[in-house]
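S.K.: Below: one structure in C-alpha cells.
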Amino acid sequence: MKKNRTKIFEELDVHATNLRWSWCAKNESLKISVFTIWKDEERDGTWLLHDDDDSVLNKRLGAKDQEEVLKLSISDSFTIYGLIAEAVNPNDSPRSIKRIDDQNLVRLRLEKKGKKIYAKKIRIVPFLEVIKNNKSNLKLHGILDLENPPLGKEFPDRALSIAFSFKRDQKVRKYVLKRAKGKCEYCGEIGFELKGGENYLETHHIISLANQGPDNLGNVIALCSNHHRQAHYGINAEDLEKEFLEILVEKNQKH
C-alpha cells in the first residue's frame, strides 16, 4: 500500500509544523530535515527550494515554514533529504500531490546563491535505510548518564560551509538531558519512552548559536517537542526565552 506524506514523515521520525500546509518536516535532535521536491522541477539534479523575490509564493504558510526550516538546516548543518512528489497538474497553484516515491529519498546538499536556495542531488537513498539510521540515532541521542558537568565553550567552534555551522558540545547536550531526568524543564511533561527505556526530549539553545549564544549549561535547556517548537516559531518566543534563562539560573545554582 502506498504511503502518503504524513505517514512517511511519521516513519522517518520527522515533525511538520502543521500537517495540513507544511511542505517539509524536521527532527532537531537528529538534525535531519525532509523537503518535498517536485519531479518535474528537477533541473540537472537540482531543485529551487526558496527564492526571496517570489513574493506571491512566499506569502503562503508552507513557503514561510519551509524558509525557516531551510535556514535552520543550513545554520545547524542538518542532513537533508528530498521526498519526490508528482503533481496532479503541474500547472496548478497550489499543487496537489498525485503520488509520492515511498521507496527512496534523495540525499541533498543545500546551496545558497544570492536570494535563492537550491538543493543539489548527492545520491538516492532507500527509504528503509534512512528509517533504520534514524531509529539507531534516536537511541544514541537518548538520555545517557554523565558523571560530571562539562565546562562547555563560550565561543563554539565554527566550520565554514554555506554559512557558519556550529559544532555543538555533545557533553553539554548529554548532561542537560541527564539533568532534566526525562521531564521538560519548562512544563514538566515527561517525554515519551524510547525503545531503549530513555525518555525523549529535545535540547534547545536559548540564545541561538547563530546569534553568538554560548554552548554551555547556562544556555541549553531540555524541552518537550511542543515547547521546543514554540521557542522557535511561537508568538510568545521572546517571553519564553526570558523564562528559560530564569529556569537555568535557578537550576545551575543547585548543581
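S.K.: Take the residues in the stretch 1-35 that are β-branched (Val, Ile, Thr) and farther than 26 Å from Arg168 by Cβ, then tell me which one is surrounded by the most Cβ atoms within 10 Å (Cβ to Cβ).
M.R.: Ile8
S.K.: Which fully enclosed strands (runs of 3 or more DSSP E) of the stretch 143-255 have 3 or more residues being at pLDDT below 90?
M.R.: Correct list: 158-160, 164-166.
S.K.: Closer than 26 Å to Glu193 by Cα, outside any loop (DSSP other than H, G, I, E, B) and at pLDDT 90 or above: does that describe Leu138?
M.R.: Taking the combined requirement at face value, the residue does not satisfy it.
S.K.: Conditions first: (1) in contact with a strand residue (DSSP E or B) (Cβ under 8 Å, 6 or more places away or on another chain); (2) crowded, with 20+ Cβ neighbours inside 10 Å. Asp51 passes all but one, so which condition is the exception?
M.R.: Of (1) in contact with a strand residue (DSSP E or B) (Cβ under 8 Å, 6 or more places away or on another chain); (2) crowded, with 20+ Cβ neighbours inside 10 Å, only one is false for Asp51: (2).
S.K.: Can you tell me which residue is modelled with the highest pLDDT among those in the stretch 91-121 that are acidic (Asp, Glu) and surrounded by fewer than 16 Cβ atoms within 10 Å (Cβ to Cβ)?
M.R.: Glu111
S.K.: Quick one: is Trp38 surrounded by 20 or more Cβ atoms within 10 Å (Cβ to Cβ), at pLDDT 90 or above, in the same structural domain as Asp102 (by TED's automatic domain parsing) and aromatic (Phe, Trp, Tyr)?
M.R.: The answer is no for Trp38.
The values are calculated or read from the model by the stated rules, or taken from the named source; none is laboratory data. Just so it is clear, the model here is predicted, and its values are computed rather than measured. Note that each Cβ is placed from the backbone with ideal geometry, even for glycine, and that neighbours are counted across all protein chains shown.
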